[in-house]
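Everything below concerns the one structure shown next.
The values are calculated or read from the model by the stated rules, or taken from the named source; none is laboratory data. Since the structure is predicted, the reported quantities are computational estimates derived from the model, not experimental observations. Here the Cβ positions follow ideal geometry from the backbone for every residue, glycine too, while neighbour counts run over all protein chains shown. Ligands, DNA and RNA are excluded from the accessible area calculation, which covers all protein heavy atoms including side chains. Shrake-Rupley method; radii C 1.70, N 1.55, O 1.52, S 1.80 Å.
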Amino acid sequence: MASFTRKDGMPIKDPYEILGIQSTASESDIKKAYRSLALKLHPDKQSGALTDAQREELDRRFHEVKDARSFLLDTEHAQAKKKYNANLESERLRHAEEQRREQTMSSRRKRMRDELKMREHMAKTSAGGSSGGASSNENRFDVDRLRREGERLREEYSKREAEVDAERKQRMAVERATKKLDKEDRQVRLKWSRKKVVGGVHTKQSLTSIMTDFGEVEEVEMLGSKGNAALITFRHESSCKPCVDAFKTSDTMRATFVGRRKVDDTLYGNQEVVDDGPTSRRGGDENLDDRKLRQAAKRERLMRQ
């Protein structure tokens with residue numbers, strides 16, 4: 001049976017399309033879609049009235065579904081999946097930008113093209129219906145003028161296209177950075193002592209079981225080569241703080257914030273800032289608005305380092 005992935009680890013067919021799910025589907029969504037298709041396509045679930053060709057096609061689709069699930073969930077494909085998802089997102093943004101640019105620029109391009117064609121046609125018609133040296137010189141001058149005008153319009157269009165492309169790339173970069181920060185706000189980093197863990201190791205399944213006490217888990221990513229760290233992505237940001245607080249005093253495992261929440265944690269020593277009046281903890285001469293501005297400035301400086 002043909003391989004599901006190429007030599008570079010990328011899938012030959014879209015695994016999300018095979019499973020009939022969106023590229024933003026969570027781990028639980030992927031498992032649910034796989035179970036549904038596996039039951040539908042499994043050879044043992046088919047009737048005896050099928051032809052050999054039909055059975056062969058069902059078998060092919062069944063293994064294709066298994067390979068798609070493996071690519072999206074197995075640890076060995078984690079890096080390839082991350083790269084594949086990034087490529088999908090980049091392609092989605094590029095397609096959306098091309099559609100937007102086509103809608104806004106197509107009428108302008110058409111007017112420029114039609115105007116240039118009309119002027120060239122008028123110049124040729126005038127040149128064909130005129131005689132004499134003076135008229136020929138005037139016609140040549142008109143054609144040259146129109147040619148220069150056409151070149152100027154093309155240069156303007158090329159410049160505008162370059163500006164639009166630069167704006168698109170900037171928007172894509174901002175959107176990617178925003179999505180990354182939004183995801184980091186829903187993440188915590190776990191680190192544990194292998195000597196104090198029963199069996200010496202944690203798995204995705206065991207970590208998911210532990211973390212569901214704080215909220216729905218979207219993804220578990222094992223980190224490093226020592227087998228004692230992981231990145232947990234919750235479905236909701238509100239699940240992060242209870243998780244971090246729960247392991248503050250644990251001698252087996254620690255949980256820390258990621259991204260902007262990590263910056264806050266570093267700035268304020270992992271302490272809660274309590275608004276108990278118009279003044280802050282730092283002194284009675286600083287009101288609440290001033291303190292928020294100061295904290296935001298510190299957070300911005302730390303994130304830029």
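For residues that are open to solvent by 70 Å² or more (accessible area, probe 1.4 Å) and of a type outside the set (Asp, Glu), scanning just the stretch 54-68, find the one that is nearest to ASP8 (Cα to Cα). Top of the filtered list is LYS66. Total residues in the stretch 183-217 satisfying the condition of being closer than 23 Å to LEU73 by Cβ and of a type in the set (D, E, K, R): the figure is 7.
Of all residues in the stretch 48-75, those that are part of a helix (DSSP H, G or I) have Cβ atoms under 9 Å from Cβ atoms of residues that are acidic (Asp, Glu), 6 or more apart or on another chain, in ALA68/ASP14; ALA68/GLU17; SER70/GLU76; LEU72/GLU27; LEU73/GLU27; THR75/GLU221. Look at (1) among the polar types (S, T, N, Q); (2) open to solvent by 90 Å² or more (accessible area, probe 1.4 Å); (3) under 17 Å from the mean Cα position of the chain (by Cα) and you find that GLN99 fails only one, number (3). The set of residues in the stretch 28-47 that are among the basic types (Lys, Arg) and not in a helix (DSSP H, G or I) is empty. Per the listing GLY200, GLY224, the residue uniquely at positive phi, exposed (fewer than 14 other Cβ atoms within 10 Å of the Cβ) and within 28 Å of the chain's Cα centre (by Cα) is GLY224.
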